[in-house]
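Colleague: Structure below; questions to follow.
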Amino acid sequence: MKKQTFLYEGQRILVSIFGAFLYAAGINLFVVPAGLYTGGLMGLCQVIRTVLVEFCHLNFQGFDIAGVIYYIINVPIFIIAFTRMGRKFFFKTLVSVTAITVFMSAVPAVVIVEDAMAACVVGGIISGAGIGILLRMGSSGGGMDVIGVLLTRWKKDFSVGKVNLLVNLVLYGTCLFLFDVEIVVYSIIYAAVYSVAMDKVHTQNINVEVNVITKADTTALEKEVFEELGRGITKWTSMGAYTYEKSHILYIMLSKYEVNRLKALVHKYDPNAFIVVNEGVSVDGNYLKKL
């Protein structure tokens, strides 16, 4: 089972790296050539880069230093991820942020579209989808993504996209005093598209209830659900109305992206288990919102 878990998480990390590539491509191929600012922590890094290049007259030989600045600022974010979100989330975030830094430096900032509005929309969709993929795979792009996930656990009305949008409004308000108003307006449009695209791909708020009916002993299964998924279980003993055979019913609440993993665990112990999945239920109370 450990081998299966390793392969499963390995696949998710590879998909996360692909999401990091999409994010970097959306930024360097659409946002940077249009002279826009992405917002969030990366937007702050772009502002710092602009100040270093245009005001401090530092020459980086065409190398985009924003990615490196982003990595350095993320160090305290890594500490938060490790202490508050768990080692698995920390490792995935470390890999994702490293991939973003590499791709930001490797993907050339070339002009693909001349129209600034088109760059806002297309760049927002691509980069937002990239970060959404990272979050969906149980990782993050660092920065405000980690803070956003923590806030969604604290207050269910929050989403990562909404948190990013609020931070961007403050950042762009500051940019009004440093840059051209037109650039700020287009950057805000990009941020809005980016936030919507990210939330559409991530959709972390979709809750699922699962009823597992099995005749097998569930002790080992319950332990793996606790350890692998970190979810609680409500259980009771039942009896089949037709066979009068004793069975067990396990009631589990989790996110839609954990369902396949749960099914694999159940089928490991009982290939004939009866699994009922109900998606989009409303949950109130002590329920852990996860990626």
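Colleague: What number of residues within region 212-256 satisfy the criterion of being aromatic (F, W, Y) and closer than 19 Å to K268 by Cα?
Modeller: 2
Colleague: Are any residues in region 223-270 within 23 Å of the chain's Cα centre (by Cα) and acidic (D, E), and if so, which ones?
Modeller: Selection gives E227, E228, E258.
Colleague: Filter region 239-255 down to residues that are at pLDDT below 90 and farther than 22 Å from T5 by Cβ, then give me how many there are.
Modeller: 7
Residue-by-condition table, conditions (1) surrounded by fewer than 17 Cβ atoms within 10 Å (Cβ to Cβ); (2) without any contact (Cβ under 8 Å) to a residue 40 or more places away in the chain; (3) among the hydroxyl-bearing types (S, T, Y):
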| position | (1), (2), (3) |
| --- | --- |
| Y23 | no, no, yes |
| F30 | no, no, no |
| L41 | no, no, no |
| V47 | no, no, no |
| L52 | yes, yes, no |
| C56 | yes, yes, no |
| A66 | no, yes, no |
| Y71 | no, yes, yes |
| S96 | no, no, yes |
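Colleague: I'd like the full set of residues that are under 20 Å from R49 (Cα atoms) and of a type in the set (V, I, T), limited to region 78-101.
Modeller: V97, T98, I100, T101, listed by residue number.
Colleague: Hey, another quick one. Which of the residues that make up region 223-236 are in contact (Cβ under 8 Å) with a residue 12 or more places away in the chain and either of a type in the set (D, E) or surrounded by fewer than 17 Cβ atoms within 10 Å (Cβ to Cβ) (or both)?
Modeller: Scanning region 223-236 gives E224, E228, G230, G232, I233, T234, K235, W236.
Colleague: A further question on this structure: Taking G124 as meeting all but one of (1) under 15 Å from P33 (Cα atoms); (2) modelled with pLDDT under 90, write down the number of the exception.
Modeller: (2)
Residue by residue, here is whether (1) among the aliphatic types (A, V, I, L, M); (2) crowded, with 20+ Cβ neighbours inside 10 Å holds:
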{"site": "N74", "(1), (2)": "no, yes"}
{"site": "F78", "(1), (2)": "no, no"}
{"site": "K88", "(1), (2)": "no, no"}
{"site": "T93", "(1), (2)": "no, yes"}
{"site": "V113", "(1), (2)": "yes, no"}
{"site": "A118", "(1), (2)": "yes, no"}
{"site": "V121", "(1), (2)": "yes, no"}
{"site": "G124", "(1), (2)": "no, yes"}
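Colleague: Still on this structure, please answer the following. Just checking: which of the helices (runs of 4 or more DSSP H) contained wholly in region 33-130 hold 3 or more residues that are in contact with a Gly (Cβ under 8 Å, 6 or more places away or on another chain) and either of a type in the set (S, T, N, Q) or not assigned by TED's automatic domain parsing to the domain that holds G143 (or both)?
Modeller: Those helices (runs of 4 or more DSSP H) span 87-106.
Colleague: Which residues, taken from region 238-256, are touching a residue at least 12 places away in the same chain (Cβ under 8 Å) and either under 13 Å from V212 (Cα atoms) or in a strand (DSSP E or B) (or both)?
Modeller: S238, K246, S247, H248, I249, L250, Y251, I252, M253, L254, S255
The values are calculated or read from the model by the stated rules, or taken from the named source; none is laboratory data. This is a predicted model, so every value here is computed, not measured. Glycine also receives a Cβ, built like all others from the backbone with ideal geometry; neighbour counts cover every protein chain displayed.
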